[in-house]
Every structure is written in C-alpha cells, then in structure tokens.
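Structure, as structure tokens:
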Amino acid sequence: MSAYNGAMFDPLFSSPAPRRVARIALPVPIDSLFDYALPADLAVEPRAGCRALVPFAGRRLTGVIVEVGDAEDPAREPRAGRERGRATLACIERIVDPEPALSAEMISMLREAAVEVFCPVGMALAAALPPGTAPRIVRRQRLTRRGEHALESGAMRGEGRRVLEALAGNPLAPATLSRRFPRDRDLVRDLERDGLIECASLEEGPSAKEKTERMVSVPEGLAVETVCTEQLGRARRQAELLRRVARDGTVATAVLAAEHAGNGPLVRTLIGRGFLVESRRAAPRDVLGDPVERDRPLDLSGEQETALAPIAEAIRAGRCERFLLHGVTGSGKTEVYLRAVAEALARGRQALILVPEITLTHQIVARLRARFGDELAILHSGLSQGERLEQWQRLRRGDTPIAVGARSALFAPLEELGVIVIDEEHDSAYKNEEGFRYRAHNLAARRAEQARCPLVLGSATPSLETRFAAERGEITRLVLERRVAGRPLPAVEIVDLARERDITPRDRRSVLTHPLHKALAETLNTGGQAILFLNRRGFSTQIYCFDCGYAERCESCDVALVFHAASHQLRCHYCDFHKPPPEKCGGCGATGTVLLGVGTERLEEEVQALFPEARIVRLDRDKSQRKGYTESVLRALHSGDANVLVGTQMVAKGHDFPGVRLVGVIAADQGLHMPDFRAAERSFQLLTQVAGRAGRSEEPGRVILQTFVPDHYAIRPVQDHDYEHFYRTELEHRRALAYPPFGRITQVIISAVDEESARGAAESLAEQVRALRPADAEPGEPGAAPEGHRFEVLGPAPAPLARLRGRFRYQLLIKGSDVHRVRRASELLARALARLPREVHAALDADPVSML
C-alpha cells in the first residue's frame, strides 16, 4: 500500500518520485506494508530491520523497514493499493536505528507467524522489539510564529498574553494547558483559531533508556605534575584529586564523591579549568541479585543420560529436531537442560531458555549462574523498560550467549542459536492473549528451524497436543519415569469434602478438613514445611445477602467483587474497580450480609489462627506485584525462615523446595467447572504439578487433595501419578467432539457498549460463515473425528464473561476436523472484522488456549 492514498498522503513530507523506496510495517490494524520515499539526505543508511519515523494519516508513527528497493522494480511483489500513476510518495522523516533492530530471519519468521494468526504484520514486528524504545510522538500546544510576534510586540494583553507566555519556549500538553487555565478554555480555542497557537505532534525521546554513569579523565597530553606544581601549588586538594584521576585513567564521579564528600565541587572546578574532561559510559543495572555459589555438573542417572544423548547429538550435528522431555516431577529435567546448554556453548553457539512465569526465572537463573556464571541475560515484563533494553542490548552485542525469560524472550537477538528449551511446556502462559496472538511453541519451532538447532519441550504433564504429536512421530519423546536418587513420588490422599461435611459438626468446620489439619500439625511439629494451594486470591469471593440473595458485583463486568481484607476493599479482578464494603445490603438494605467463599488471604488468616507459631508467607498476584517480594518469599522457604507457603498457581509450577514435606490442596475441583474444553486437562496438570512440590529431598512427601468429586477422571489419576491414564481418557473425549488435537478452533469475541450492537454484529458474522460452501475432498486432522463434527459454527452466544469493562461480549466459535474449511472460514472472518462499525470491537483468536 502506498503512503499517499487518501488521508495518508501528507504534502509536507512529499517529494518528486525518488527512485528508492522503503516498504514499512506500521503498528496499525491494517495488514499491509506501506511504501515511503527515501530522501537523499538521510543521515543513516536505510536497511531492512531498521525502524523509521514516518507520517501516516495525520500522525507520525515508527515502523520497521521490511524492504528497500527501486520504486518501479518489476521483480518486487505487487503492493496492495499501490497507485502506479501517482508521481509522489510520502517521505521517511528519519531512520531511528543506526543498525537493524530486527534481523532478516526474525522479520521472515514474524511475517509468516502473523499470517498464521491473522495479525497485521506491523503489530507482529512491533511486539518483537523492546518496549519503550521507539520515539514518543506527543500532542503539544505551542506558539506559532504569529504568536511569537504577538508576544514580542506586546500586541497581546490580559489573559491571552498569560497563555502565550506559558507556551513561550515550553510546549504543553492540551490537558496541562486546560488545568493551568481552567476558566479560559474558550480563550485557548480562540487563540488557536486566530493562528497564535497550534496543536502539533512533537517527538520526544524513547521512554526506555540505558543507564549511564558520569566519568572524568585527564585530557590527552596534559602534563599533570607540571599543572599540580605550577598552577595548583596552593590548591592541594585539587592537585591530589587530579593525580588520583591520572593514576586510574578514567574514574566515575560517583566513586570520587563516595571517597570524600568535598570531591564533587573539586571535580567541577577542575573540569571548568580544563584539567579534567567528562564523559559517560554504560552502567547496566544489576538484574541478577546476590552472588550465587558455583556448582559442578551432577552425575546423571541412566534415564538422564539416555534422554540427553539425542539432544546433544542434534546440537553437534546442527540439526533441527523437536524433543519432548517427559519426566515426572523431581526427575532432573533441569539438569538435562543445563547439559544441553553446555553442549551448545562448547560449540560456540547460544542458548535460549523459556519459563512460563516470571517467578520461575529466579530459580532457573540461579541454576544457570551456578553452572555458567553471570554471563546471561534476563528478559521478562517484570523488569523496567530500561532494564529490558540493557539486557536486549547485551544479547545484541554478543556480550552473553544465554538468554532466559518468559514468553517474550523468544524475540531475543540471538543469531547463533544452538538449543531452545521451553520448560513447563504445557503452561497456558505461553500463549499471548492480546494483539499478536502467537503461541511460543510455534515461534520457537520456526526459530529452531532457521537456526538448525533442537527444540526441547519439557514437562511432567505435557499438553495433549504435544503428547499426541509425539505419538504420531512428529516429536521425539524422551521419558524420565523416576525421581533422581531413587526418591519416591509423594503419597497422595484424596479427601471427599461431601463426606467430611456430613461427619463434621457445623461449628467445627474449617477450610482445612480433619485429615489436612492433622497432617499440617504433624509436618510443623517435625520441622517440615508445607504448601497450601488455593487458586483464588483475596479474602472471600463475594459479599452475599441471605435475606434477598443480592451479591455485590462489578459495575462494569459481569463478575462478583472479591473482598480483600488487607486493603479493606471490594475489588474486581478484571477491570480493577474497587470500593469499600457496604455497611448494609445494596438490594434490600439489610445489615446481615456475609462473606462467602475463601481466597488466599482468608486461608492465610485461618491457618495463622489454627497454628499461631507457624511462619506463614503468601504468594499470589496481589503480593508478587511488589518488586522483590517473590524473591524474598523463595529465600525464606529455602532458608527455613518460613514453614508454610499459602498461594495460588504461582506456587505450583517448577519450584524446588527441598524442605516441603506436605502439599495441601484446598479445593481440587475448583478449575473443573470452567466453561472451557481444556478445564479437565488444566486441573490434572495443576494438581500434578503442585503435588510434585512435596518430597523432593530425603524426607518422603505427602499430598492431600480436598474435593467434592473424588472420582473425577482428572482427579483420581493424580493419586497414582498416572499421566497416561488421564491422557487416554481425555483424548477420547476430545476425539468425540473434534476438539484439538483432532480439529481446529477459531474463537471470535465481539463486544460493544450497546448489547444489541454486539449481538447484531455477531449474528451477521455467523451468517457469513455458515454461507461458506465446503471445498471438495478437504481432508481433516488425523485421528478420525466423527463426521458430524467436521465443521461447525457454534453461536453466537454470550461469552463466558458476558460483560467486561463496560462492554457486552458475544462469542462465535468455528470448530471442526476439516482444518482447511476452518481456515477458510477464519480468513473470511478476518476480512469481515475490518468492516464492522467503529463502535463494535472484535478479536479473532486462531487456536485459542483460553476460552474465557
């Protein structure tokens, strides 16, 4: 698409048909590249992968250059909407990056992935860059030349002059100007109408900045002793400081100030007299934390050696191959990862390790540092923008060969990859749920193919899709059936909550059943640690009135408000609306409202009341948002300062706490009731994972699961650590209805402030899809799903969360084993979404992981 079409053309930036043209991907919801002319006077040579600042539809945007070529080169592919007859193109304003920010391989991978998930290419490329590194374009009120003349000449007086003086040499945001002159908004509009002020798009520097420190050194050729003797003879301290700097060559001013409080003014004096010169150098922030003691490689078990061998051979051969490392909890998967990383480094190549949660980076980083030292980079959203930029630049410069982080670390600038590892590969966090809706597995497979290196997917509870791919021979399955050092898997006891309720008097009921209470007391009395797992944060799930049945709900979302005791607030976990709890019922005015349900806050409070001597820590999203809190909890558990950990699913994934002997699951069936075909799979995975935190050292472990459905097929196999039994059972459920891995699903969520608008748009989309005729002889996914489920259009219907952030939501599902027809229907929907009214929003997700 050419950047001169309609409103996109800006004559201020046009030039007469230069020969060279750049095709740029812009972060806009239009799936096209845009042509821009390359002025001859650009300060930086434009190259593919560099970012450029360009005019677009009355705005200024930063996009990624994808191609550079001649304006009329017939070899280049046709451009959507290109008007060959036009004589001018909009010009690039400037090149942002002196060197490409994205490699050609990364651009190619992202373009393919964007097509696969129906994402505009510019949004996909923008997602791969460190946040906050693009120039910021801001709207500011400023003086025009006419306004400057009016101010200088004194022609403007009164309030108008005060406004002009406020803007003189100091452009302000429109909102700031309105706050400063709240009674003169009409005057501001009049000044703009008369051409004295204007609202302009101005460029500010990126918000992400690398940290630097101020340095001083002696100018080249300065005779230090001569200066000290002849010119600083009566300034002894200046002379001493000059000699000090000359001795070390270059010194940080912060170091000098720390040595003596008076050195700061002396440094400024010496700089002013020309005896010192100042500069700045990079001073990256420390994201690694306290030093870690180095370790030695552990002796591998026979199973570990057998699993490592094909991975190492693929690294040595430079061969792309996918492996599923399927090992029970505590079987030593991490040691296999470390050996694979060592194999890659020994051949001068790099390693990328992904974990699903930011909290898990602390543990894997500690293991990597103990084995390989501090030459590694961390990439995840828990870092500040500046910290992420510094880590990204270290990788880009080749300062470190190892990158570790969460999902977005996939975009790390590693050009010599030797191995990619995705730990806890089953975790839903590997799917990006907004914008560029990629799945980490798919992008990692593309990167591994480009780099000719193996991809290792590790889990004790692989996703059904991954396990089924291994069964079909698409992935090599490597099995670790036993824990290291012959340690037994924990004994699992299932407690029937319905039976416990029947035999326990009402006044003695607690969130801890008698078996769990007794087991916790025994564990604490013998010096052990325990984890209590409840996948619901807050104090209670709702405030409820028994007189009229009224429950406090969010004003913008179709969900109950959760009471948080620490802040004494009712809070919505979706839009963050909050308010104090009412003194009486909002429905009938009664004062007898009660707190129903239980969250991690209430669980922590009850356990503390039952066991006053227990040293309890809590880990959930509310707590982990405080920087450094998660690390402090992990340290407390490892050191023994804490002996009870209360938490949500954050405590279930991959952590290794040697002192934990007991795991108690408060409500094991909680996740089974979600309106999602993956609910059983997620429940089994989560329960198996949290159970695996127990008994990871010499002391045997014990697990107690409290549930109302003890015989459910997702709960009973946890007792026997029988993944294969669950896998076979769930596989047949999926086959019967053509759910993945036997079919494909596309989900569309349509939302609007007005419910009728949302419903009408959803029904229109459904009619268009149902009118799509099947192509002849389109094959389905392997596995022989029933004929009636080859292609289905389900809905539209209210989404599971029918109202969110003030918008009504409807859901449309395209499902079936006829994957080609599902794809064609998805393509039709993607085109149709672009034609929806502006007030209607829609999001298309190919192969969704969460159905909410």
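Among beta bridges from DSSP that stay inside the chain, the antiparallel ones total about 60%. Put simply, the amide H of Ile494, placed in the peptide plane, has neighbours under 5 Å in Leu705, leaving out anything fewer than 5 places away on its chain. The distance separating the Cα centre of segment 746-775 from that of segment 27-64 comes to 35 Å.
What does the charge count near Lys211 come to, summing +1 for each Lys or Arg and -1 for each Asp or Glu among other residues with Cβ under 14 Å from its Cβ? Each step should come with its number before you reach the end.
Values: positive: Lys209, Arg214, Arg280, Arg281, Arg285, Arg388, Arg394; negative: Glu210, Glu213, Asp286, Glu387, Glu390.
For residues surrounding Lys211, the net value is +2.
The Rg/Rh ratio of segment 398-549, with both radii computed over alpha carbons and Rh defined as the Kirkwood radius, is 1.11.
Rounded to the nearest Hz, the phi-derived 3J(HN,Hα) couplings of segment 20-31 under the Karplus curve 6.51 cos²θ - 1.76 cosθ + 1.60 (θ = phi - 60°) are 8, 9, 10, 9, 10, 9, 9, x, 10, x, 10, 7, where x marks glycine and proline. With contacts taken as Cα pairs under 8 Å and at least 6 residues apart, segment 201-355 reaches a relative contact order of 24 percent. Heavy atoms of the protein chains alone define the surface here; on that basis segment 483-539 has 53 Å² accessible area per residue at 1.4 Å probe size. Note on segment 549-705: Cα Rg divided by 2.2 N^0.38 Å, N the number of residues, gives 1.19.
Between beta-carbons, use under 15 Å as the cut-off and find the net charge around Leu242, counting Lys and Arg +1, Asp and Glu -1. Neighbourhood net charge equals +1.
Summary value for segment 642-703: 47 percent relative contact order, contacts being C-alpha pairs under 8 angstrom separated by 6+ residues.
Mean projected area of the Cα convex hull of segment 213-296, taken over all directions, amounts to 7.7 nm². Working note: Karplus 6.51/-1.76/1.60 with θ = phi - 60° gives segment 464-470 the couplings 4, 5, 5, 5, 5, 4, 5 Hz, where Gly and Pro are set to x.
Close amide H contacts of Leu478 (hydrogens built in the peptide plane, cut-off under 5 Å, sequence separation of 5 or more or a different chain): Leu324, Leu325, His326. Ratio of Rg to Rh for segment 259-370: 1.27 [Cα atoms; Kirkwood radius as inverse mean 1/r over pairs]. The mean accessible area for residues of segment 80-230, using a 1.4 Å probe and ignoring ligands and nucleic acids, is 53 Å² per residue. As a ratio to 2.2 N^0.38 Å, the alpha-carbon radius of gyration computed for segment 78-224 takes the value 1.62. Restricted to Cα atoms, segment 19-63 shows a radius of gyration and a Dmax of 10.6, 31 angstrom.
For Val663, nonlocal amide neighbours, meaning residues 5 or more places apart or on other chains whose placed amide H falls under 5 Å from its own, are Ile531, Arg702, Val703, Ile704.
What relative contact order, as a whole-number percentage, does the chain give when Cα pairs under 8 Å and 6 or more residues apart are counted?
Values: 1648 pairs, mean separation 74.5, N = 852.
Worked out over the chain, it gives 9 percent.
Checking (1) -0.58, -1.02, -1.13; (2) -0.57, -1.20, -1.37; (3) -0.52, -1.14, -1.34 against log10 I(q)/I(0) by the Debye sum over Cα atoms at q = 0.06, 0.09, 0.10 Å⁻¹ calculated from these atoms, the matching label is (3).
Packing-wise, with mean Cβ within 10 Å as the measure, how do 496-507, 28-39 rank, highest first? Mind dumping the intermediate values first?
Details: 496-507: 10.8, 28-39: 20.8.
In descending order of packing, they fall as 28-39, 496-507.
Pairs of alpha carbons in segment 689-761 separated by more than 14 Å make up 74% of all such pairs.
For the chain, the carbon plus sulfur part of the accessible surface works out to 49%, probe radius 1.4 Å.
Counting each DSSP H run of 4 or more residues in the chain as -39500 (n - 2.57), what helix-only mean residue ellipticity at 222 nm follows after dividing by all residues, to the nearest 500 deg cm²/dmol? Present the calculation step by step, with values, prior to reporting the outcome.
On the way: 25 runs with 271 residues, N = 852.
That comes out to -9500 deg cm²/dmol.
The HN-Hα couplings worked out from phi for segment 635-652 by the Karplus form 6.51 cos²θ - 1.76 cosθ + 1.60 (θ = phi - 60°) are 5, 4, 6, 5, 7, x, 5, 10, 10, 9, 10, 9, x, 8, 4, 4, 8, 8 Hz, whole numbers, x standing for Gly and Pro.
Per residue, how much accessible area does segment 236-323 show when a 1.4 Å probe rolls over the protein heavy atoms, in square angstrom? List each step's numbers first, then the result.
Details: 5350 Å² over 88 residues.
Ligands and nucleic acids excluded, the result is 61 Å² per residue.
Residue ranking by accessible heavy-atom surface, 1.4 Å probe, largest first, among Glu465, Glu424 comes out as Glu465, Glu424. Using all Cα-Cα distances in segment 254-320, what percent lands in each 10 angstrom bin from 0 up to the longest? All Cα pairs, binned at 10 Å, distribute as 14, 19, 17, 16, 10, 16, 9, 0 percent. Which whole-number percent of Cα pairs in segment 176-245 have a distance greater than 21 Å? Distances greater than 21 Å cover 62 percent of the Cα pairs.
The values are calculated or read from the model by the stated rules, or taken from the named source; none is laboratory data. This one's a predicted model, so the numbers in the text were calculated from it and none came from an experiment. Positions of Cβ are generated from backbone atoms using ideal geometry, with glycine treated the same way; all protein chains shown enter the neighbour counts. Only protein heavy atoms, including side chains, enter the accessible area calculation; ligands, DNA and RNA are left aside. Shrake-Rupley method; radii C 1.70, N 1.55, O 1.52, S 1.80 Å.
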